[in-house]
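*Asks:* Pasting a structure below so you can have a look.
The values are calculated or read from the model by the stated rules, or taken from the named source; none is laboratory data. Worth saying up front: this structure is predicted, and the values here are computed from it rather than measured. Cβ placement follows ideal geometry from the backbone for every residue including glycine, while neighbour counts extend to all protein chains displayed.
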Amino acid sequence: MAAGSTIHTFTVQWADMDRGVYEDFVLRLARHPSETDAHMLTRLLAYCMEYEEGIAFSEGISSTQEPAVVVRDLTGRILAWIEVGAPDAERLHHGSKSADRVAVYTHRDPARLLTSWSGKRIHRAGDVVVRSFDPGFIDAAVAAVERRNVVTLSLTESELYLDLNRTTLQSTVHENRLE
């Protein structure tokens, strides 16, 4: 944890009906002073939506060698490289060479993000999945974030339902791919 980080606790009840994943867990997220609340919340959503055995947060913004969220098998091999925000093409290239699959979760405009990677070298670019949410969804959710949070999340047919500290929101999870 970086000095000056703010710790947020999230008690999560997660139901991914599309994949048949149902879990309850408590996450402690350290929000670095240079990290926005929108980025932290998108990290939380990425972790939940990618939840499987071996998932973990990396060291965060200070880590240049790992993504925001990583999934490893029991031998330590990277299975999934999950970026948050707007990573550059070089990070995606490295991640795609290091892991079986790569996903990016963004609270930014996905069209601008895809354009910024256009023409750049990214290993298996067509396999990189970029997920985003409806405009205003992340900002509305950020308004409900406290230091201690109770979260109920469910995903069905690409619709995400979020109850965060008694604030209820819904968004389509948009999926884009590089060409």
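*Asks:* Just to be sure, is THR75 surrounded by fewer than 19 Cβ atoms within 10 Å (Cβ to Cβ), of a type in the set (Ser, Thr, Tyr) and at pLDDT 95 or above?
*Replies:* On the way: surrounded by fewer than 19 Cβ atoms within 10 Å (Cβ to Cβ): yes; of a type in the set (Ser, Thr, Tyr): yes; at pLDDT 95 or above: yes.
Against the criterion (surrounded by fewer than 19 Cβ atoms within 10 Å (Cβ to Cβ), of a type in the set (Ser, Thr, Tyr) and at pLDDT 95 or above), THR75 qualifies.
*Asks:* Would you point out the residue of the range 128-151, among those that are over 16 Å from the mean Cα position of the chain (by Cα) and in a strand (DSSP E or B), that is surrounded by the most Cβ atoms within 10 Å (Cβ to Cβ)?
*Replies:* If we take residues in the range 128-151 being over 16 Å from the mean Cα position of the chain (by Cα) and in a strand (DSSP E or B), then ASN149 is surrounded by the most Cβ atoms within 10 Å (Cβ to Cβ).
*Asks:* Applying the selection to the range 2-27, what residues are assigned to a loop (DSSP other than H, G, I, E, B), free of Cβ contacts under 8 Å to residues at least 60 places away in the same chain and surrounded by 14 or more Cβ atoms within 10 Å (Cβ to Cβ)?
*Replies:* The one that is assigned to a loop (DSSP other than H, G, I, E, B), free of Cβ contacts under 8 Å to residues at least 60 places away in the same chain and surrounded by 14 or more Cβ atoms within 10 Å (Cβ to Cβ): SER5.
*Asks:* Let me ask something additional. Quick test for you: out of VAL70, VAL21, pick the one residue that is more than 30 Å from ARG121 (Cβ to Cβ) and not aromatic (Phe, Trp, Tyr). Explain how you work it out, then say what you get.
*Replies:* Details: VAL70 fails: more than 30 Å from ARG121 (Cβ to Cβ).
Answer to the check: VAL21.
*Asks:* Quick check: is even one residue across the range 28-51 farther than 15 Å from HIS107 by Cα, over 12 Å from the mean Cα position of the chain (by Cα) and without any contact (Cβ under 8 Å) to a residue 24 or more places away in the chain?
*Replies:* So in the range 28-51, the residues farther than 15 Å from HIS107 by Cα come out as 28-34, 48, 50-51.
In the following step, the residues that additionally are over 12 Å from the mean Cα position of the chain (by Cα) were identified as 28-34.
Going one step further and asking which of them are without any contact (Cβ under 8 Å) to a residue 24 or more places away in the chain, we end up with 28.
Within the range 28-51, one or more residues are farther than 15 Å from HIS107 by Cα, over 12 Å from the mean Cα position of the chain (by Cα) and without any contact (Cβ under 8 Å) to a residue 24 or more places away in the chain.
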